[in-house]
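Input: a single structure, listed below in structure tokens.
The values are calculated or read from the model by the stated rules, or taken from the named source; none is laboratory data. Predicted model, so just to flag it, every value in this text is computed and none were measured. Here the Cβ positions follow ideal geometry from the backbone for every residue, glycine too, while neighbour counts run over all protein chains shown. The area values use the complete protein model at the heavy-atom level, side chains included, leaving out ligands, DNA and RNA. Shrake-Rupley method; radii C 1.70, N 1.55, O 1.52, S 1.80 Å.
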Amino acid sequence: MTAAGDRDLGSGEQDLLGVLGEYLQERLGASGPVDIVNPERIAVGWSHETWLFEAVWADSVGEQRQGFCLRRDPGNALLREQSDLAEQFRVLRCLESTDVPAPRAYWYEADPAVLGAPAIVMERVGGECPSPWRRAGREYYAAAAGRGVLPASFTDALAAVHNVDWQAAGLEFLGVPEEGNDFALREIAKWQALIDDSGHPGHPILADLIGWLKHNAPTTEQLTLVHGAYRTGNVLIHDDQVSAILDWELQVIGDPMYDVAYMLTELNREGTDLLSNVVPRELFFERYQQATGIEIDPERCAYYQLLYAMRSAAFWMSAAGLYADGSNNDLRLARTHWSVTVALERAATELGY
């Protein structure tokens, strides 16, 4: 038996909750049916279908109740095959022994016949994740920044990622770049592949940008775990503290300045001087460098910001292509065709056009 909460669910959603209850009954050691209570499908994110819910069941001890998060791969999201739930599950398991605030992953189900698609069942972590692109979200982050706790916590969480002993944690399976500029060239090749898969005809500015990136690829002096998209909107916040870092789908072993550059970019702080809407620049530099022992290199960060412009163009080309060929009917993907131009115009400005 499942409880659907206040919102009426479609037959397909009800079927999913029923299957999910049966799936959890065996894994939780329940003595009877598992009830799925207060299910909520999160209408954010571009890569996976996400459900939050509570499971209620009985075992030899008595009645149990726990919050969970279900993340399913629809097979038609903007990162295409580059977003792999099996890899995300493995990363989350590796992070359990570290100081990185990340959800605990319980089960990965590869067989789409079981839960309707490959899926991860993980811990439901308390906290909020306001969108930094909406006025209410910007107001939320501005108020939290003013209280002074979140800026420090936000910086410390990124430092925790970069301080991970990735070899001891077993993260080498992500791939280890060779010495020199191999990391940057790997990233360029990755996003070039996504552009090729998108079916987009290309753009002269993009061709120029890719050529510039290859010619100017920097040497990586130190390798760390890199989240790849560390910003507000990809973390949960509880009592002005980062309770969990989300969206583990772009992580790599690479240059920590790749994450720092994402913090510094104007793209993630529209209308404010606060990095990622929450952190004063001076505080971030001082606290991050002290916590990690890594000196921030503005020149490498400037390079990676241009690499992010290429990555953004690849994202939006892929998304627009999925909508255009009928693979995905999410209307948000349709408007990303315009976003390609925005990303490339920003790159052209940086390149001195």
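Remark: pairs (first residue in the stretch 19-42, in contact (Cβ under 8 Å) with a residue 12 or more places away in the chain and open to solvent by less than 80 Å² (accessible area, probe 1.4 Å); second residue small (Gly, Ala, Ser) and assigned to a strand (DSSP E or B); Cβ separation under 6 Å; 6+ apart in sequence or on different chains) = LEU24/ALA55; GLY32/ALA58; VAL34/ALA55.
Do we have ALA136 as aliphatic (A, V, I, L, M), more than 15 Å from the chain's Cα centre (by Cα) and outside any strand (DSSP E or B) here? Considered against the rule, which asks whether it is aliphatic (A, V, I, L, M), more than 15 Å from the chain's Cα centre (by Cα) and outside any strand (DSSP E or B), ALA136 comes out as yes.
Checking the stated criteria, ARG7 turns out not to satisfy the condition of being open to solvent by 50 Å² or more (accessible area, probe 1.4 Å) and either of a type in the set (Gly, Ala, Ser) or modelled with pLDDT of 95 or more (or both).
Kindly indicate the residue of the stretch 198-236 that is in contact (Cβ under 8 Å) with a residue 12 or more places away in the chain and among the small types (Gly, Ala, Ser) and also nearest to ALA77 (Cα to Cα) among those meeting that condition. Only one residue fits best here, namely SER198.
Just one of the listed residues (GLU81, GLU13) is closer than 29 Å to SER318 by Cβ, in contact with a strand residue (DSSP E or B) (Cβ under 9 Å, 6 or more places away or on another chain), modelled with pLDDT under 95 and of a type in the set (Asp, Glu), namely GLU13. Looking at ALA261, ALA244, ALA229, ALA291, just one residue is open to solvent by less than 40 Å² (accessible area, probe 1.4 Å) and farther than 24 Å from TRP316 by Cα, and that residue is ALA244.
Taking the listed residues PRO151, PRO112, PRO103, PRO130, the one that is open to solvent by less than 60 Å² (accessible area, probe 1.4 Å) and modelled with pLDDT under 95 is PRO130, with no other qualifying.
Within the stretch 55-86, the only residue that satisfies the criterion of being open to solvent by 20 Å² or more (accessible area, probe 1.4 Å), under 22 Å from ILE188 (Cα atoms) and not charged (D, E, K, R) is GLN82.
The helices (runs of 4 or more DSSP H) falling completely within the stretch 149-255 include none with 1 or more residues that are touching a Gly at 6+ places or on another chain (Cβ under 6 Å) and among the acidic types (Asp, Glu). The single condition from (1) in contact (Cβ under 8 Å) with a residue 60 or more places away in the chain; (2) crowded, with 23+ Cβ neighbours inside 10 Å; (3) farther than 24 Å from PRO177 by Cα that LEU275 fails is (1). Only a single criterion out of (1) touching a strand residue (DSSP E or B) at 6+ places or on another chain (Cβ under 7 Å); (2) under 30 Å from LEU351 (Cβ atoms); (3) surrounded by fewer than 17 Cβ atoms within 10 Å (Cβ to Cβ) is not satisfied by LEU223, namely (3).
Close contacts from the stretch 237-253, counting a first residue that is closer than 15 Å to TYR140 by Cβ and in contact (Cβ under 8 Å) with a residue 12 or more places away in the chain and a second that is open to solvent by less than 20 Å² (accessible area, probe 1.4 Å) and assigned to a strand (DSSP E or B), with Cβ to Cβ under 6 Å and a gap of 6+ residues or different chains, come to VAL242/VAL235. Among all positions in the stretch 322-339, there is no residue which is assigned to a helix (DSSP H, G or I), modelled with pLDDT of 90 or more and open to solvent by less than 20 Å² (accessible area, probe 1.4 Å).
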